[in-house]
Amino acid sequence: MLSLSAVVCSVGRPEILANALESLVAQRESGAVSELIVVARADDLATHVAAAKFGARVVQVDLPGFAAALTAGYRAASCDIVAFCDDDAIPEATWASRHLAAYVHHRVGGVGGRDNIQGDVSVDEGVRVGLITRFGAITSGHHRGGGSARSTHSLKGANMSMRRLAVNQLDLGEVVKGVGAQYRSELVLSSFIRAQGYALIYDPSCQVNHFPAERGSGDGRRELTVERVRAMAWNEMVGVGLVADWLGFRAYIARRVLLGTELQPGLGWGLRSQFGGRPGLRMFVVNVSATLGQARQVLRYCEEVRRSFR
């Protein structure tokens, strides 16, 4: 019978963390959660105190960033399944048991669920959740999915779980670049699991109510700097490169250069952003330079990883 470790990574938000832990303690008492872990910085004494109040084991992380915290969490866990939720999310009562139930098939390596942002349970029937399309587009929509469980390509950190043995050898903090939330960390983690032949499942019945808290200075969701665009380019290319074939990766690179996104502008988004009074063309140059300059290194890394699984 599989067991589950529930892990919450938290930095300096003890009052918010308490809401998540209260729900997880109830699920520990029901037997669905076997182990409760809080990942915290060594000097974050308030978070240590909050975790101790709820009987959670504290795992200290010395390096900054979301990826290092995730790595510390799944490497410290002792159960078969490691489930993560954000400290600003409150898991519903059946959260852990639904995650566990999804691993009935041995090929399932990771499971994601809905994060009801601000408690919104609205469903978008047409949303394509967490997919990498053939031509390199990456969809999200984890907060809008409905219906039955189905295959996906990427999990979301606010509500995800994985087989511990599928990720224990990955030092995500060594692979992912950037600071703070580290854009596309979950994509890299998800693709690492898929590269081993596991399937990922999105089950909208696994739900947390998510109340996104303020991020630290310089880590805003739409704050663009040269360093951040370069880091985002690396992280996303690794996430795609681990699972894409030869044609798929090149289609993705072409899409990045010619179109891009608002946060990683290609030529299309660069021109559009410039017309809106933002430094879109400058970020376009940075993004394209980072993409083309790092693509070969990304491919080498991804091939090394895939070779290790053969």
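Quick notes on this one:
- Some residue of the stretch 77-84 being in contact with a Gly (Cβ under 9 Å, 6 or more places away or on another chain), crowded, with 21+ Cβ neighbours inside 10 Å and at pLDDT 95 or above: yes
- Residue match in the stretch 117-138 (condition: assigned to a loop (DSSP other than H, G, I, E, B), surrounded by 18 or more Cβ atoms within 10 Å (Cβ to Cβ) and among the charged types (D, E, K, R)): no
- For the stretch 139-196, a residue qualifies if it is of a type in the set (A, V, I, L, M), closer than 26 Å to residue 224 by Cβ and in a loop (DSSP other than H, G, I, E, B), and the qualifying residues are 155, 158, 176, 179, 181.
- Selection count where residues are on the phi > 0 side of the Ramachandran plot and touching a Gly at 6+ places or on another chain (Cβ under 6 Å), scope the stretch 101-147: 0
- Failed item in (1) acidic (Asp, Glu); (2) within 30 Å of residue 198 (Cβ to Cβ); (3) at pLDDT below 85, with residue 262 passing the rest: (2)
- Inter-residue pairs, beta-carbon under 8 Å, first part of a loop (DSSP other than H, G, I, E, B) and in the stretch 58-77, second crowded, with 18+ Cβ neighbours inside 10 Å and of a type in the set (Val, Ile, Thr), 6+ apart: 65/176; 77/7; 77/37
- Lone unmet requirement of (1) outside any helix (DSSP H, G or I); (2) small (Gly, Ala, Ser); (3) farther than 17 Å from residue 94 by Cβ for residue 32: (3)
- Members of the stretch 137-167 found to be of a type in the set (Lys, Arg) and within 23 Å of residue 213 (Cα to Cα), listed by number: 144, 156
- The set of residues in the stretch 87-105 being touching a strand residue (DSSP E or B) at 6+ places or on another chain (Cβ under 9 Å) and farther than 12 Å from residue 161 by Cα consists of 87, 88, 89, 90, 91, 92, 94, 105.
- Candidates 131, 155, 187 - the one that is of a type in the set (A, V, I, L, M), in contact with a His (Cβ under 6 Å, 6 or more places away or on another chain) and under 30 Å from residue 258 (Cβ atoms): 131
The values are calculated or read from the model by the stated rules, or taken from the named source; none is laboratory data. The structure displayed is predicted, hence computed values, not measured ones. FYI the Cβ positions are ideal-geometry reconstructions off the backbone, even for glycines, and counts take in every protein chain you see.
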